[in-house]
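All remarks here apply to the structure that follows.
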Amino acid sequence: MGQEHIPAPVAALFPDRQTREDLDHYLTRCLAEATERVRGGPVMPDLDMAKFRQELAAFDFTAPKPARELIDWTIAQLEHGTVHMTNPRYFGLFNPAPTFPSQLADRISGGFNPQLASSGSSPVPVAIEAHVIGAIAQRAGLPSGSTGHFTTSGSEANYTALVCALTRAQPQFATEGVRAFAGPVAMYTSRECQPAWHKIAHQAGVGRQAVRLIATDGGGRMDAKVLAETVHEDQRRGVVPVLISPTAGTTGAGMVDPLKACSDIAREHGVWSHVDAAWGGAALCSERLRGELEGVELADSITIDAHKWFATTMGCGMFITRHPQVLSDAFHVGAEFMPSTASSIDPYLNTVQWSRRFLGLRLFLSLAAAGWEGYAAHVERAVEMIGEVKKGLIARGWSIDNDSRLAVLCASPPPGSAPVRDIVRRLLATGKAWAAVAKFEGRDVVRICATHGEVSAADAAALVAALDASRGNTE
Ligand SMILES: *Cc1c(COP(=O)(O)O)cnc(C)c1O
């Protein structure tokens, strides 16, 4: 058969070099322009969803469309069809305006598309990720030889912690599952914990009932005394405690559980201690703030999300542990076809995932570009901006419910104001700023977090004014 029978590559999928460069330049310009518009525009989506659904339905994928048209269409839909984390008046959940180096990292990873399952196929990327994990572990005060890996999320990292805890608690867990335990297992976190723990218990096969939500102390921190009593009582009843997970920077209020007390209780009962510092972990960069996380260095493992306060693109979590052998015990497997089988190095032998994206490059480039000092300035700035919001609200008669030194505020309007849910609904309807409703110690509060690295005093003032204007008791 002659070569003429082999069709040409599909140009729409694999265009020639000149076309790629042209599209890259075009995309770069479109994105920069859209980012400018988003910064000055409404925080909330303002898309006509009915019209959008019609347009989407029209994509029946019969007639191919030109790339530029697709770029234009996609950017327009995103510009009008999402809540904007890149608008500095988004004082929202922990979703950041992403650092530019992390956006560059995504482009580079997309270009090479390395497979990070094994060091055999990606020796350099695997080494870069391990280097960053080592640096963060050291920053957290874990001993040398500590290890870990990047995950797609904090939830995956917390799931990894539970699997490690189960694996260490009962070697037969690997083969027999939870049946290997002498009784039902339990894990402990506070009632202010991030709720993914319930799904994690479900996935891990220990059941949602295994999650003990320990009472808080009235200020949003886990009550260590109640924890100790609950663990004790469970053991007395034949329940097997496997994991204690305090939160360092609760999702709702930025509170830090008593890390040392939790770790002491874990040690006393031979239980794995895991600090969920998904958001708060970035405070480790700041000499001024790292004291808030004192005791994190005692943990068996830690979760930190780079895609939260480290502000990389999503999702980019980290799992860090002082017990490399347990990771390997939990995730080892034999696979003849893999290019390498380095039990202490290859991600596919130590993690939940198999095929794996080069996520760690996002934090590597961001840290390399800004240094610890740059990140210290970034987190300290967020804390100061929240201080501005706090002053502004107090001046207007609001009260502050949480006593966090991190960048989250839980605020309540003056007596006689509309309910918090109505205030926040009205705020969002203005599109001027974004804040959340959260529960703090059982009460509805307005939750405000500085997540945008470029948020200004004018943005803080705008939020305060818009919130205060939304608190009237009539519609
Ligand atoms: C966000 C968060 C999580 C979940 O992390 P994801 O990356 O969203 O999966 C877990 N714990 C805490 C404290 C969080 O703030």
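Tabulated data for the structure shown
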item	result
Of residues in the stretch 284-299 being open to solvent by less than 20 Å² (accessible area, probe 1.4 Å) and more than 15 Å from the ligand (Cβ to nearest atom), the one farthest from Arg405 (Cα to Cα)	Gly295
Within the stretch 322-332, considering residues that are out of contact with any strand residue (DSSP E or B) (no Cβ under 7 Å at 6 or more places or on another chain) and touching a residue at least 12 places away in the same chain (Cβ under 8 Å), the one most open to solvent (accessible area, probe 1.4 Å)	His332
Only one of Ala335, Ala311 that is within 16 Å of the ligand (Cβ to nearest atom), in a loop (DSSP other than H, G, I, E, B) and touching a residue at least 12 places away in the same chain (Cβ under 8 Å)	Ala311
Given (1) open to solvent by less than 20 Å² (accessible area, probe 1.4 Å); (2) more than 16 Å from the ligand (Cβ to nearest atom); (3) in contact with a strand residue (DSSP E or B) (Cβ under 7 Å, 6 or more places away or on another chain); (4) in a helix (DSSP H, G or I), number of the condition Ala157 does not satisfy	(2)
Filtered residues of the stretch 261-281 (kept if part of a loop (DSSP other than H, G, I, E, B) and acidic (Asp, Glu))	none
Which numbered condition Asp46 misses (of (1) of a type in the set (D, E, K, R); (2) loosely packed, with under 10 Cβ neighbours inside 10 Å; (3) in contact (Cβ under 8 Å) with a residue 24 or more places away in the chain)	(2)
Filter result (in a strand (DSSP E or B) and not β-branched (Val, Ile, Thr)) within the stretch 378-431	Ser399, Leu409, Cys410, Ala411, Ser412
Scope the stretch 208-244; condition closer than 27 Å to Arg290 by Cβ and either in contact with a Phe, Trp or Tyr (Cβ under 7 Å, 6 or more places away or on another chain) or open to solvent by 30 Å² or more (accessible area, probe 1.4 Å) (or both); matching residues	Ile214, Asp217, Gly218, Gly220, Arg221, Asp223, Lys225, Leu227, Ala228, Leu243, Ile244
Inter-residue pairs, beta-carbon under 7 Å, first farther than 30 Å from Asp401 by Cα and free of Cβ contacts under 8 Å to residues at least 40 places away in the same chain and in the stretch 232-251, second assigned to a helix (DSSP H, G or I) and more than 16 Å from the ligand (Cβ to nearest atom), 6+ apart	Gln235/His269
Val124 being β-branched (Val, Ile, Thr) and either crowded, with 22+ Cβ neighbours inside 10 Å or within 16 Å of the ligand (Cβ to nearest atom) (or both)	no
The stretch 404-419 residues that are within 16 Å of Gly472 (Cβ to Cβ) and modelled with pLDDT of 95 or more, paired with ones that are part of a loop (DSSP other than H, G, I, E, B) and acidic (Asp, Glu) (beta carbon under 8 Å, 6 or more apart)	Ser412/Asp401
Failed item in (1) within 16 Å of the ligand (Cβ to nearest atom); (2) open to solvent by 70 Å² or more (accessible area, probe 1.4 Å); (3) part of a helix (DSSP H, G or I), with Ser102 passing the rest	(2)
Scan of the stretch 76-98 for residues that are part of a loop (DSSP other than H, G, I, E, B) and either in contact with a helix residue (DSSP H, G or I) (Cβ under 7 Å, 6 or more places away or on another chain) or of a type in the set (Phe, Trp, Tyr) (or both), ordered by number	Gly81, His84, Thr86, Asn87, Pro88, Arg89, Phe91, Phe94
Where a residue in the stretch 373-387 is aromatic (Phe, Trp, Tyr) and its partner, wherever it lies, is modelled with pLDDT of 95 or more, with Cβ under 6 Å and at least six apart	Tyr375/Cys285
Pick from the stretch 257-283, criterion open to solvent by 10 Å² or more (accessible area, probe 1.4 Å) and over 17 Å from Cys193 (Cβ atoms), ranking: nearest to the ligand (Cβ to nearest atom)	Lys260
Identity of the residue in the stretch 338-368, in contact with a Ser or Thr (Cβ under 8 Å, 6 or more places away or on another chain) and under 16 Å from Gln103 (Cβ atoms), that ends up most open to solvent (accessible area, probe 1.4 Å)	Arg357
Residues of the stretch 75-97 satisfying the condition of being closer than 30 Å to Asp16 by Cβ and either within 16 Å of the ligand (Cβ to nearest atom) or open to solvent by 60 Å² or more (accessible area, probe 1.4 Å) (or both)	Leu78
Some residue of the stretch 413-430 being open to solvent by 30 Å² or more (accessible area, probe 1.4 Å), under 20 Å from the mean Cα position of the chain (by Cα) and charged (D, E, K, R)	no
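The values are calculated or read from the model by the stated rules, or taken from the named source; none is laboratory data. Just so it is clear, the model here is predicted, and its values are computed rather than measured. Virtual Cβ from ideal backbone geometry, glycine too; neighbours counted across all protein chains shown. Note: accessible area is taken over every heavy atom of the protein model, side chains too, but ligands, DNA and RNA are not part of it. Shrake-Rupley method; radii C 1.70, N 1.55, O 1.52, S 1.80 Å.
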